[in-house]
Amino acid sequence: MRKIIVTEFLSLDGVMEAPEKWSFPYMNDEIMKFKSDELFASGALLLGRATYETFAAAWPSRTDPGGFADRMNSLPKYVLSNTLKEVKWNNSRLIKGNAVDEISELKQEAGQDIVIHGSCALVNWLLGHGLIDEYHLLVYPIVLGSGKRLFSDQARGTLKLVESKSFGTGVVALSYQPVTKT
């Protein structure tokens, strides 16, 4: 069974919006290795419409010596959207209809885990359906004050810290799993 893992860049005050505008000064080789290891341990991407459109516009033209771009472009991509008519980025499939059943079936397949980047609305929707298995949060030592936050005002749940790691630039990687109520 595959897990659905949410991976996000967050400011200290929980903002996830536009990390390309504030995260780069903190990037270093150890964070890049962390993100590369995470990507290469993944077997598919699950994306919301807005993140899909941003990624599909950027990644197909990118290359790098470490193969990160090749991996992003070659992975299967599942896109949850009620407004998109088609998806053209390599190996992309649109999920419409009974998305809970389709995503539950994807989790049952053999293979590496399914990772979600960005996709705030999708994350909150999946959280509401109990479909998220783990969160990988890179928390940056910056307070932005405003912007889109990862969790909506309606999000509820208890998480268990399963791993933490700090990087030389002050960024902290936190891995959490939802606590299931018995």
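In table form, for the structure just shown:
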| item | result |
| --- | --- |
| Qualifying residues in the stretch 1-49 (those that are exposed (fewer than 15 other Cβ atoms within 10 Å of the Cβ), within 15 Å of the chain's Cα centre (by Cα) and in a helix (DSSP H, G or I)) - the one modelled with the lowest pLDDT | 20 |
| Set 119, 61: member being within 18 Å of residue 14 (Cβ to Cβ) and of a type in the set (S, T, N, Q) | 119 |
| Top-ranked residue in the stretch 88-121 [being in a loop (DSSP other than H, G, I, E, B) and in contact (Cβ under 8 Å) with a residue 40 or more places away in the chain; ranked as surrounded by the fewest Cβ atoms within 10 Å (Cβ to Cβ)] | 110 |
| Subset of the stretch 63-81 that is in contact with a strand residue (DSSP E or B) (Cβ under 8 Å, 6 or more places away or on another chain) and part of a loop (DSSP other than H, G, I, E, B) - its residue that is surrounded by the fewest Cβ atoms within 10 Å (Cβ to Cβ) | 76 |
| Total residues in the stretch 136-182, condition under 12 Å from residue 14 (Cβ atoms), outside any loop (DSSP other than H, G, I, E, B) and more than 15 Å from the chain's Cα centre (by Cα) | 1 |
| Qualifying residue in the stretch 87-98 (condition: under 30 Å from residue 170 (Cβ atoms) and in contact with a strand residue (DSSP E or B) (Cβ under 6 Å, 6 or more places away or on another chain)) | no |
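The values are calculated or read from the model by the stated rules, or taken from the named source; none is laboratory data. Note that this is a predicted model, so its numbers are computed, not measured. FYI the Cβ positions are ideal-geometry reconstructions off the backbone, even for glycines, and counts take in every protein chain you see.
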